[in-house]
Amino acid sequence: MDTTEAFVGLDCVDCGERHDAATATHRCPDCGGILDPAYDYDAVDIDRATLAERPFETMWRYHELLPFPRDAAVSMDEGATQLVDCPTLADELGVGRVLIKDEGRNPTGTFKDRGQTVAVTAAVQHGADEVALASAGNAGQAASAYAARAGLDSNVFLPSRAGFTNKAMVNVHGGEMTVVGGRIGDAGAAYEDALAEHDDWYPLQTFVTPYRHEGKKTMLYEIVEQEDWEVPDAVVYPTGGGVGLVGMHKAATELRDLGLTDDLPAMYAAQASGCAPIVEAFEAGRERHEPVETPDTICGGIEIPDPGASPLILEALRESDGGAVATDDDEILASAITVAQEEGIEMGATCAAAASGAMELAEQGEFGPNATVVLLNTGAGNKDDDILRSHLMGQGV
Ligand SMILES: Cc1ncc(COP(=O)(O)O)c(C=O)c1O
Ligand SMILES: [Zn+2]
């Protein structure tokens, strides 16, 4: 296996055992727990000046803090997205600054590319020929693109509610697509049935592969570096499975422990009221969520009723002194339109939960008047143009 110098293996978040990444490919072989890439941070030779000399052109510029070296990566130069100042939004929220991390500028239009570049690289390193996953849509599109680039076959299970662009582009990338009637849980069940019949499939499911949250952590490295090493006060993230939130909190902790920063940003999970298991658990002071029985939101990416990594998400929110907020679909869609009309930035429907969540948090007095608040625009608005436009049409526009 071609790994980076400091990468020492995979630690189980449940039993604590460390495993060799060449043989442990997915969940903990001892207890089935989530595996998390581990590093010998004393062997990480990186400082602000070294990073400043590197061009800001791909997330692989942080390869010392990733499991695989840059020349082994299945990459399309993903990441290195812009952090855009939004002064009108800042006025509206009554804070110092609002910055939108615009992940729509990735190869397949979402932050899912950051997870797939690392997970598909791992698949290649493990000698896989065929990868598989169930997805609400964007991850499936990204997986089929990275699999195509690596010359692997991909099997993508999508719910019928997934967006047209996602379905079309899985086809365009040559992925084998199964569209399952219903929602993400139905697609997940069909995937599990098919996986049981195909022991050569290499799973790319979140927190089943240890590498998707690891790729997404680079969003936080970039934000901090783009802010000249000032840690923002708050990061608001549209949360489904919490992969990006857990990854970013890990990244913030790493930067602090490496002595590159002093603080952690407060992490906020933004969800839709129709499916808000993390918000409910956070408010009730619980360590784990209770599954939502009848999830219902138009924001497919965050309609995750049973997020298996909820203990990690809730720990990140509490450790960073952040929080959780739910807003209604109507408010979410309205905020996507506000951002498009006031700042020009195109937010996806799911992503706009970060904007409406931040507005709600601001109203609750959660942010100080000088706070810097970062919103994650996890995907491009044109993935959901039909949803956004029909919201307008529903208002007679
Ligand atoms: C655009 C978008 N934002 C956010 C999410 C939720 O991501 P996470 O699983 O990291 O919470 C998804 C997942 O499908 C998504 O597609
Ligand atoms: Zn374990």
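Can you give the alpha-carbon Rg of segment 1-150 over 2.2 N^0.38 Å, where N counts its residues?
Against the compact-globule rule of thumb, the ratio is 1.20.
List the residues, sorted by chain then number, that are 5 or more residues from residue 131 or on another chain and whose placed amide H is less than 5 Å from its amide H.
Close amide H contacts, sequence-distant or interchain: 153, 154, 155, 202.
Taking 35 Å as R0, compute the FRET efficiency from the Cβ-Cβ separation of residue 50 and residue 364 and round it to 0.05.
It comes to 0.30.
For segment 348-354, what does the Karplus curve 6.51 cos²θ - 1.76 cosθ + 1.60, with θ = phi - 60°, yield as ³J(HN,Hα) per residue in whole Hz, taken in order and with x for Gly and Pro?
x, 4, 4, 4, 5, 4, 5
Round to a whole angstrom and tell me the spacing of the C-alpha centers of segment 293-315 and segment 49-105.
Comparing the Cα centres of segment 293-315 and segment 49-105, I get a distance of 25 Å.
Can you list the residues, at least 5 places off or on another chain, whose amide H is less than 5 Å from the amide H of residue 323, using H built in the peptide plane?
Result for residue 323 returns 267, 268, 269.
When the Karplus curve 6.51 cos²θ - 1.76 cosθ + 1.60 is applied with θ = phi - 60°, which whole-Hz ³J(HN,Hα) does each residue of segment 21-31 get, with x for Gly and Pro?
Ordered by residue, 3J(HN,Hα) equals 5, 6, 10, 8, 9, 10, 6, 4, x, 7, 10 Hz.
Points 7 angstrom from Cα along the Cβ direction at residue 14 and residue 186: gap in nanometres?
3.0
If you roll a 1.4 angstrom probe over the protein chains with everything in place, what fraction of the accessible area of the chain belongs to carbon and sulfur, to the nearest %?
After summing per-atom areas, the C and S share lands at 42 percent.
If I model a spin label as a point 7 Å beyond the Cα along the Cα-Cβ vector, how far apart are those points for residue 315 and residue 40 in nm?
Roughly 2.4 nm, to one decimal.
Of the chain, which part is the longest with no chymotrypsin sites (Phe, Trp or Tyr not before Pro) in a loop (DSSP not H, G, I, E, B) and with at most 16 other C-beta atoms within 10 angstrom?
57-228
If you take the charge dipole of the chain about its Cα centre, with +1 on Lys and Arg Cβ and -1 on Asp and Glu Cβ, which of 314, 174, 59 is farthest toward its positive end?
Going by the Cα projections, it comes out as 174.
Hey, what's the per residue convex hull volume over the C-alpha atoms of segment 112-203, in cubic angstrom?
Value for segment 112-203: 73 Å³ per residue.
Between residue 1 and residue 283, what is the FRET efficiency for a Förster distance of 56 Å, r being their Cβ-Cβ separation, to the nearest 0.05?
FRET efficiency, residue 1 to residue 283: 0.85.
When the dipole is taken about the Cα centre of the chain, and only Lys, Arg (+1) and Asp, Glu (-1) are charged at their Cβ, what size is it in debye, to the nearest 20?
It comes to approximately 700 debye.
Explain nothing, just compute: Karplus ³J(HN,Hα) = 6.51 cos²θ - 1.76 cosθ + 1.60, θ = phi - 60°, for every residue of segment 391-397 in order, whole Hz, x for Gly and Pro.
With coefficients 6.51, -1.76 and 1.60, one gets 4, 5, 4, x, 9, x, 8 Hz.
Can you classify segment 248-397 as rounded, prolate or oblate using the Cα gyration tensor, where a ≥ b ≥ c are the square roots of its eigenvalues, rounded means a/c under 1.5, and otherwise it's prolate if a/b beats b/c and oblate if not?
Judged from the Cα gyration tensor, segment 248-397 comes out oblate (a/c at least 1.5, b/c at or above a/b).
I'd like the accessible area for residue 374, computed on protein heavy atoms only with a 1.4 Å probe and all protein chains in place. Round to 10 Å², please.
My reading of the accessible area for residue 374 is about 0 Å².
Among the listed pairs 101/167; 167/216; 250/383; 101/217; 217/383, give every one whose C-alpha distance is greater than 21 Å.
101/167; 167/216; 250/383; 217/383
Who wins for biggest fluctuation among 150, 326, 194 in a Gaussian network model of the chain, springs between alpha carbons below 10 Å?
Between 150, 326, 194, it is 194 that shows the largest mean-square fluctuation.
Using just the alpha carbons, could you tell me how many Å³ per residue the convex hull of the chain encloses?
So the per-residue hull volume is 128 Å³.
Give me the accessible area per residue for the chain, probe 1.4 Å, as a whole number in Å².
Heavy-atom accessible area per residue stands at 39 Å².
The values are calculated or read from the model by the stated rules, or taken from the named source; none is laboratory data. What you are looking at is a predicted structure, and each value in this text was computed from that prediction instead of being measured. Heads up, the Cβs are rebuilt from the backbone with ideal geometry, glycines too, and the neighbour counts pull from every protein chain shown. Accessible surface is based on the protein model in full, side chains and every heavy atom, while ligands, DNA and RNA are left aside. Shrake-Rupley method; radii C 1.70, N 1.55, O 1.52, S 1.80 Å.
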